[in-house]
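Since the structure comes first, as structure tokens, the remarks are kept for the end.
What follows draws every value from the coordinates through simple rules; no lab data is involved. Please read these numbers as outputs of a predicted model, since none were measured by experiment. A quick note on method: Cβ atoms are made from the backbone with ideal geometry, for glycine too, and the neighbour counts reach across all protein chains shown.
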Amino acid sequence: MGFLLLWAGSFMLFSCQKNDVEVVRNLTRVDTLPTQTVVNLTTIYMDTGRLQMIITAPEVLYYADREEPVMIFPKGIDVDFYNRQMVAETHLSAHYAVYYQKKELWEARDSVVAENIDHERLDAEMLYWDVGKKWIYTDKFIRITTPDEIIYGEGFESDQSFTDWRIKKVRGTVYFEEPVEETPPPGKVESPPSKGKMKELKKE
């Protein structure tokens, strides 16, 4: 099997055109091949004995030989941030992520979701996370859902715990009405309260 595989590869090299040879060279460059592959990663970050975050991922590809060493998470990533009481206060997930080692910068893409302890949820197309500054941001479309409203906008920045956040350009807001509690007439059984209704979209 090894001989057949080598032969097939040699045949491909001798029969390809000049442009194809360049493609093959690029594919076999050192910086295009991962130096390490990790399956089912779990990383725990501690600072002075205090738990800061836990990162889990199904697969990690580490490219150490690139000019900018990177870790690629092709099958997604989950991050839990912990406060000083070591209680999980924020959860972040994405279907794809890249970590730039020198810059200490994360880039999360494809169905990025962040949820905090106040039951606020961020949905984004792309999100950056600056580890050194403990800051997350994006200039793409975002949606934030809170217990009272849904906010649509472009551009977003927040602290790492997603508790102090700001939308740069608000495009619209959907408010939720509080359920109206009615006193039933005498002799009738009280029905359960109705669910909240949505108000019209308010353009900012």
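What the table below lists for this structure:
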item: Separation of the Ile44 and Asp164 label points, Cα + 7 Å toward Cβ, nm; result: 2.9
item: FRET efficiency, Phe176 to Gln101 (Cβ-Cβ, R0 45 Å, nearest 0.05); result: 0.60
item: Given charges at Cβ of Lys, Arg, Asp, Glu: segment 57-120 dipole, positive-most of His95, Val70, Ala108; result: Val70
item: Dipole moment magnitude, nearest 20 debye, segment 37-175 about Cα centre, only Lys, Arg, Asp, Glu C-beta charged; result: 160
item: Within segment 56-106: Cβ-based charge dipole about Cα centre, in debye rounded to nearest 20 (Lys, Arg +1; Asp, Glu -1); result: 60
item: Percent of beta bridges antiparallel (DSSP, segment 37-175, rounded to nearest 5); result: 100
item: Mean-position separation - Cα centroids, segment 83-108 and segment 144-170, in angstrom; result: 17
item: Dipole magnitude (debye, nearest 20) for segment 119-167, charges at Cβ of Lys, Arg, Asp, Glu; result: 140
